[in-house]
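The values are calculated or read from the model by the stated rules, or taken from the named source; none is laboratory data. Note that the coordinates shown come from a computational prediction; the quantities given were computed from them, not determined experimentally. Backbone-built Cβ (ideal geometry, glycine too); neighbour counts: all protein chains shown.
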Amino acid sequence: MKLSGKTAIITGGASGIGQATARLFAQEGANVVIADFSEAGQEVANRLQDDGHRAIYVKVDVTEEKDIQALIERTVHTYGQVDIMFANAGVANDEPADQLSLEKWQRTLDVNLTGVFLSDKYALIQMLKQGTGGAIINTASIHGHAAKAGVTAYGSSKGGVVMLTQTLGIQYASRGIRVNAVCPGYIDTPLLKALPPEAKQKLVDLHPIGRLGSAEEVAKAVLFLASDDSTFVVGTSLMVDGGYTAQ
Ligand code: NAD
């Protein structure tokens, strides 16, 4: 078990990549805290408990500073510490810039970038207080590195996550806290549910591997970054994209 005795917070843990990661972390021995504003997170926690794992759900809006502070407090109260933060909650609702409302732009930046900053900030404060090191993994995207027409606010937010990850990575590495990002290609999760089949096929065609990824495939990369398998990996972006960015 790679995470035995560790406590991990997973934002966006009610669905998709976060949910798959919560299950994998629990199977690897972690105490899991599912932080999400969707109350489906409670069912995810219940199912993990039914399978003999340790998991709780905390309702959180990652854009609200007080929610993140309360999340850390509840985690420490329940499990004693925070060892891993997977800052993963995100939204994708975008347009070309000339059609994109300020409201949509702002909400995307608030959730995808400010939400990651707040999650990282309060995890760091707790980890520094503990003095036992830690691992922080942020969910960026291929679009934090490679632009796509129309992916305006989302790409900007994920580019910000890549740079935030590098900045925190170099700032805290000497104190035993490793900060890294995972950059998924298109993954078949509820985030893509609104797409018609032809649009989905177009996305498939962008991946040299010839298919979309699964949430479980991303979860395995997150586990690598969270565990002692990656002790010399700092400030990096790990592409999990079926060759999208290599192409
Ligand atoms: P998803 O929609 O299945 O899950 C996202 C979760 O985040 C949901 O449970 C949602 O309730 C939660 N969430 C959204 N806003 C929140 C907020 N303000 N506070 C708390 N929780 C909130 O999506 P997913 O595909 O699993 O996406 C997870 C992450 O992966 C996101 O950051 C997304 O941008 C990124 N990503 C996804 C893909 C993809 O193709 N699916 C590709 C690259 C990156």
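Pairs are defined by a Cβ separation below 8 Å, a sequence spacing of at least 6 or placement on different chains, a first member in region 183-208 that is within 15 Å of residue 219 (Cβ to Cβ), and a second member that is among the acidic types (Asp, Glu); the pairs so defined are 183/241; 184/241; 185/241; 187/217. For first residues located in region 209-226 and over 17 Å from residue 181 (Cα atoms) and in contact (Cβ under 8 Å) with a residue 24 or more places away in the chain, partners that are crowded, with 20+ Cβ neighbours inside 10 Å and of a type in the set (Lys, Arg) and lie 6+ apart or on another chain with Cβ distances below 6 Å do not occur. May I ask you to verify whether residue 95 is out of contact with any Cys (no Cβ under 9 Å at 6 or more places or on another chain) and within 22 Å of residue 140 (Cβ to Cβ)? Yes, satisfied. Screening residue 92 against (1) small (Gly, Ala, Ser); (2) at pLDDT 95 or above; (3) under 24 Å from residue 180 (Cβ atoms) leaves a single unmet condition, (2). One residue stands out among those in region 17-45 that are within 9 Å of residue 55 (Cα to Cα) and without any contact (Cβ under 8 Å) to a residue 40 or more places away in the chain: the one that is surrounded by the most Cβ atoms within 10 Å (Cβ to Cβ), which is 22.
Taken over region 147-181, the criterion of being at positive phi and touching a Gly at 6+ places or on another chain (Cβ under 9 Å) is satisfied by 176 alone.
Against the numbered list (1) closer than 19 Å to residue 24 by Cα; (2) modelled with pLDDT under 95, residue 196 comes up short only at (1). Residue count for region 101-131 under the criterion of being in contact with a helix residue (DSSP H, G or I) (Cβ under 7 Å, 6 or more places away or on another chain), among the β-branched types (Val, Ile, Thr) and surrounded by fewer than 17 Cβ atoms within 10 Å (Cβ to Cβ): the result is 0. Name every residue in region 151-166 that is within 19 Å of residue 125 (Cβ to Cβ) and touching a residue at least 60 places away in the same chain (Cβ under 8 Å), in order of residue number. Selection gives 165 alone.
If you go through region 76-121 and keep only what is within 18 Å of residue 148 (Cα to Cα), over 21 Å from the mean Cα position of the chain (by Cα) and aliphatic (A, V, I, L, M), you end up with 97, 100. Only a single criterion out of (1) buried (at least 19 other Cβ atoms within 10 Å of the Cβ); (2) touching a Leu at 6+ places or on another chain (Cβ under 7 Å) is not satisfied by residue 154, namely (2). Checked against the criterion of being of a type outside the set (Asp, Glu), surrounded by fewer than 21 Cβ atoms within 10 Å (Cβ to Cβ) and either touching a helix residue (DSSP H, G or I) at 6+ places or on another chain (Cβ under 6 Å) or under 26 Å from residue 19 (Cβ atoms) (or both), region 135-145 has at least one qualifying residue. Inside region 221-247, residues that are under 19 Å from the mean Cα position of the chain (by Cα) and either among the hydrophobic types (A, V, I, L, M, F, W, C) or on the phi > 0 side of the Ramachandran plot (or both) make up a count of 13.
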